[in-house]
Amino acid sequence: MVFSHALIHEIGGEDDTNRSSARKILGSYNEFVGMLTDDRQRKHLDKLQESEADGDKTFQKARELSHDFRDGVLEFFFDEDSGMCDLTRIYGVF
């Protein structure tokens, strides 16, 4: 919950790097959850065979969203310009 509050705060903030990362994280997460709440898309993904995934538009969209989410998290916590990088090194990496 603390993470989501930080992201929401950053969306309205002055720092372009953090604002971009926060939008990427929350936007991709929201869209991915939206896909899973859509019965048609969820059932399609449930029935999809692994061998068919590479050519499937729905799967590829979900994969793209997961990559956007990953990239946003990496930018937010590890980009030198984010202001979170030093905090992540000190408190987040053991």
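The values are calculated or read from the model by the stated rules, or taken from the named source; none is laboratory data. The structure displayed is predicted, hence computed values, not measured ones. A quick note on method: Cβ atoms are made from the backbone with ideal geometry, for glycine too, and the neighbour counts reach across all protein chains shown.
Taken over the stretch 56-78, the criterion of being at pLDDT 95 or above, surrounded by fewer than 16 Cβ atoms within 10 Å (Cβ to Cβ) and in a helix (DSSP H, G or I) is satisfied by 57, 60, 61, 63, 64, 66, 67, 70, 71. Residues in the stretch 34-45 that are surrounded by 11 or more Cβ atoms within 10 Å (Cβ to Cβ) and without any contact (Cβ under 8 Å) to a residue 24 or more places away in the chain: 34, 36, 38, 41, 42, 44, 45.
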